[in-house]
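Bear in mind that the values in this text are calculations on the coordinates, not laboratory data. Computed from a predicted model, the values in this text were never measured in an experiment. All Cβ positions, even for glycine, are placed from backbone atoms using ideal geometry, and neighbour counts span all protein chains on display.
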Amino acid sequence: MSEEELYLGREQTQIKHFILRKYLERFGPIVGTFAESITYVDCFSGPWNLASDDLRDSSFAIALEELRKVRTTLAERGRTLKLRCMFLEKKAGPFAKLREFGKQVQDAEIETKKGKLEDNIEAICQFVKKGGRWTFPFIFIDPTGWTGFAMDLIAPLLQLKPGEVLINFMTDYIRRFIDYPGQQTQKQFTSLFGSGESRFSRASKKRRWRRWNKLVPAPNSVSG
């Protein structure tokens, strides 16, 4: 199956995977010059809505493929890099596929875990620490909605040093509901962004527009 067929009707997923590939392609060789291992954590692994039977169009399979390429490149330069992965998924059906995928991997340390991100922050931190002083964690947060990865929740992951966190989320739904007056919805957004103000809200846009107008005068007000 060609890549075009794999992503037919899934263009947003294709873009996400392109970004993930390119990120790891640049990230890996740099980190590999000093780290003994890369600890990759996918916090919303799935898999779901795949076109392939071998899961090659899943984020976790793509990440592992790219990290293997990095390891090969570093080996050619005389560097040894160990790969460690933790894949987290809360739903039983997708997790069964995820666990089977993990069992088939022989050239990397793989830990699969069933559960929600919010219940496994400490487990993730402990997995990272088990990698030792010279591991470098890369945390991938790719939820299907806007809940389950609030700023106060993922703070321990953001504070891992060294470490990088890549967060991908769909702004379409957020823009659609950001000004919805429901108390529960607003509470979720406050938790997500860490404050009551979001750059996506209409009120926030109006405030930024007013500040911009103060800085940049209208064309007809410019003398000359």
Given Cβ charges of +1 for Lys and Arg and -1 for Asp and Glu, the option among 48, 96, 85 whose Cα lies farthest towards the positive end of the dipole of the stretch 3-169 is 85
Amide H neighbours of residue 85 at under 5 Å, excluding residues fewer than 5 places away on the same chain, with H built from the backbone geometry, are 40, 109, 110, 111
The answer for chymotrypsin sites (Phe, Trp or Tyr not before Pro) in the stretch 3-47 that fall in a DSSP coil and have at most 12 neighbouring Cβ atoms within 10 Å is 34
When 165, 31 are ranked with the fewest other C-beta atoms within 10 Å first, the list becomes 165, 31
Check: C-alpha center the stretch 69-84 vs C-alpha center the stretch 109-144, spacing in Å is 21 Å
